[in-house]
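Heads up: the structure comes next, in structure tokens.
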Amino acid sequence: MLVVLIGGSNFVAVRFSNRELPPFWGAGLRFAIAGALLLLFAWWRRIPLPLGRALPGVAIFGVLNFGVTYALAYWGLLEAPAAMAATFVASVPLLTFVFATGLGMERFRWGGLIGGLIALVGVGVVFEDQLAANVPVASLVALFLQAVGVAAGTILLKRLPRTDPIGTNALAMLPGAAFLLVLAAVAGEHPVLPSRPDVWTAFVYLTTVGAIGLFYGVVYVVKRWTASASAYVTVLFPVVAGALGAILARELVSAQFVAGAALVMVGTYIGALAQPAR
């Protein structure tokens, strides 16, 4: 539940961050600080780091999951609303299910497919009005590719040797941050710090709870569930993002929103909870 709440709120926080910080610079600075904090915590608590044969895989995971994926997310959220970004991420369980079965990691389950489709229908009902908004096609493509990257990262993480979640995230965030900062330099972004209180609050939240808390929870879940079942937490992100949008942006919550949210819950139950993963 905490992973769902943090993940859904992150979309809104990124929108606030983008008000002052260039997207690649803001994302890179976020994960550089978060990775450094995790390394200090790992050193203090003597938590083992995934070195040796696990290190190359963790580095690749970091570039993909924290670098490429968040470059697409931050750039897409310059124009797209948080709820729309969360809608694309809600397709991650279905994408992960396809990847996992295609690679032979999991057996085909009709429940997983049906649950994913029901959840996607619910998300479409909830955000029908927002999907019709005037958002550039490039932003939509970037956010869809972000969802593909999240699914691929889930598969890669599941195939890595079992390691401590804190150590894994500490080392993975740093190559991802390096990728983002290099991308920011190539794009000609100017390094700046927030000056507005709301942007500072969003950035601090993204760097601490939104990065360390979220990805510790994600790694913890992925290591104990199947890849596709783990990805079902993302199905609920649009519900949280939509609710926060209603509070922060004073958007009305209609009966259509409630009906769509109910479908999302049903799809999540059928796809993940009705068939507990080992």
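The values are calculated or read from the model by the stated rules, or taken from the named source; none is laboratory data. None of these values were measured; they are calculated from a predicted model. Don't worry about glycine lacking a Cβ; one is built from the backbone with ideal geometry, like all the others, and counts go over all protein chains shown. For the accessible areas, the whole protein counts, side chains as well, though only heavy atoms, and no ligand, DNA or RNA atoms are used. Shrake-Rupley method; radii C 1.70, N 1.55, O 1.52, S 1.80 Å.
Of all residues in the range 259-271, which are modelled with pLDDT under 75 and open to solvent by 60 Å² or more (accessible area, probe 1.4 Å)?
M265, Y269
I'm trying to understand the selection: among the residues of the range 159-177, which are touching a residue at least 60 places away in the same chain (Cβ under 8 Å), assigned to a helix (DSSP H, G or I) and open to solvent by less than 50 Å² (accessible area, probe 1.4 Å)?
Across the range 159-177, the qualifying residues are I166, G167, T168, N169, A170, L171, A172, M173, P175, G176, A177.
If you go through the range 39-49 one residue at a time, do you hit one that is open to solvent by less than 70 Å² (accessible area, probe 1.4 Å), modelled with pLDDT of 90 or more and of a type outside the set (S, T, Y)?
Yes, because at least one residue in the range 39-49 is open to solvent by less than 70 Å² (accessible area, probe 1.4 Å), modelled with pLDDT of 90 or more and of a type outside the set (S, T, Y).
Return the pairs, sorted by first residue and then second, in which the second residue is part of a loop (DSSP other than H, G, I, E, B), the first residue lies in the range 194-207 and is free of Cβ contacts under 8 Å to residues at least 24 places away in the same chain, the beta carbons are less than 8 Å apart, and the residues are 6+ apart or on different chains.
Partner pairs satisfying both residue conditions: W200/P194.
Kindly list, by first and then second residue, each pair from a residue in the range 107-129 that is of a type in the set (F, W, Y) to a residue that is surrounded by fewer than 24 Cβ atoms within 10 Å (Cβ to Cβ), limited to pairs with Cβ atoms under 7 Å and residues at least 6 apart or on different chains.
Pairs that qualify, where the first residue is of a type in the set (F, W, Y) and the partner is surrounded by fewer than 24 Cβ atoms within 10 Å (Cβ to Cβ), are F108/T101; F127/M84.
Looking at this structure, is L55 in contact with a Gly (Cβ under 6 Å, 6 or more places away or on another chain) and open to solvent by 40 Å² or more (accessible area, probe 1.4 Å)?
No; evaluated as a whole, the condition is false for this residue.
How many residues are open to solvent by 50 Å² or more (accessible area, probe 1.4 Å) and touching a Ser or Thr at 6+ places or on another chain (Cβ under 7 Å) when one looks only at the range 88-106?
Of the residues in that region, 0 qualify.
Could you check V58 against (1) of a type in the set (V, I, T); (2) in contact with a Pro (Cβ under 8 Å, 6 or more places away or on another chain); (3) more than 20 Å from T154 (Cα to Cα) and say which number it fails?
Among (1) of a type in the set (V, I, T); (2) in contact with a Pro (Cβ under 8 Å, 6 or more places away or on another chain); (3) more than 20 Å from T154 (Cα to Cα), the lone unmet condition for V58 is (3).
List the number of the failed condition for V150; all other conditions in (1) farther than 21 Å from L263 by Cβ; (2) over 17 Å from the mean Cα position of the chain (by Cα); (3) open to solvent by 20 Å² or more (accessible area, probe 1.4 Å) hold.
It fails just one condition, (2).
Going residue by residue through the range 116-132, is there one that turns out to be part of a loop (DSSP other than H, G, I, E, B), of a type in the set (S, T, N, Q), open to solvent by 10 Å² or more (accessible area, probe 1.4 Å) and under 25 Å from E20 (Cβ atoms)?
Checked the range 116-132: no residue is part of a loop (DSSP other than H, G, I, E, B), of a type in the set (S, T, N, Q), open to solvent by 10 Å² or more (accessible area, probe 1.4 Å) and under 25 Å from E20 (Cβ atoms).
Open to solvent by 30 Å² or more (accessible area, probe 1.4 Å) and either part of a helix (DSSP H, G or I) or of a type in the set (A, V, I, L, M, F, W, C) (or both), is that true of L140?
yes
Check off (1) open to solvent by 40 Å² or more (accessible area, probe 1.4 Å); (2) within 17 Å of T201 (Cβ to Cβ); (3) part of a helix (DSSP H, G or I) for L29 and give me the number that stays unchecked.
The number of the failed condition is (1).
Let me spell it out: the conditions are (1) without any contact (Cβ under 8 Å) to a residue 40 or more places away in the chain; (2) in contact with a Leu (Cβ under 7 Å, 6 or more places away or on another chain), and P56 meets all of them except one. Which number is the exception?
(2)
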